[in-house]
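Each remark here refers to the structure printed beneath this line.
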Amino acid sequence: MAMARWTPFFAQTLNDFEQVMKQLFQDVRPRPAAWAVLAPSFPPVNLWEDDENLYVEAELPGLPAEQLGVTVTQGNQLTIEGDRPSPNLAGTWRQQERGFGKFSRLVELPVAVDADKVVAHFEQGVLALKLPKAAAAKPRRIAVQA
């Protein structure tokens, strides 16, 4: 004779109810758009440094240079902002993954920079910034006396 596990009726009913509720809440939970997972911030930015400068590159395809603004505040806060114009379409959107309109990205820099000496180039949709470090942030060689 085969052994069977005894499950009280109410336990099976509660288990079924729990499974239905989990499925219900999983179906209504808001999910991020695919592009939001891939690009959580716009524009995407690379930041690196050497002893004298910080370097920033930001990808801004399709943005006219005159719609772009770059500011440095408080010595270490870089703001990149702009307005990408929306295309004039004669038809209906079938898929839209690129954003349009105003954007602003604040990047906190690891050290203070000299805002008066920042150099910016915008070519082929890539913004390249050279941000000289402030004198207080540069490494100093200390002479050791023997």
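The values are calculated or read from the model by the stated rules, or taken from the named source; none is laboratory data. Just so it is clear, the model here is predicted, and its values are computed rather than measured. Quick reminder, even Gly has a Cβ in these numbers, built from the backbone with ideal geometry, and neighbours come from all protein chains shown.
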(message) If I go through region 50-73 residue by residue, how many of them are closer than 14 Å to ALA134 by Cα, without any contact (Cβ under 8 Å) to a residue 60 or more places away in the chain and surrounded by 10 or more Cβ atoms within 10 Å (Cβ to Cβ)?
(response) 2
(message) Can you list the strands (runs of 3 or more DSSP E) lying wholly within region 1-96 that have 1 or more residues being in contact with a Pro (Cβ under 8 Å, 6 or more places away or on another chain) and at pLDDT 80 or above?
(response) 45-49, 53-59, 77-84
(request) May I ask you to verify whether ALA143 is exposed (fewer than 15 other Cβ atoms within 10 Å of the Cβ), without any contact (Cβ under 8 Å) to a residue 60 or more places away in the chain and of a type in the set (A, V, I, L, M, F, W, C)? (result) yes
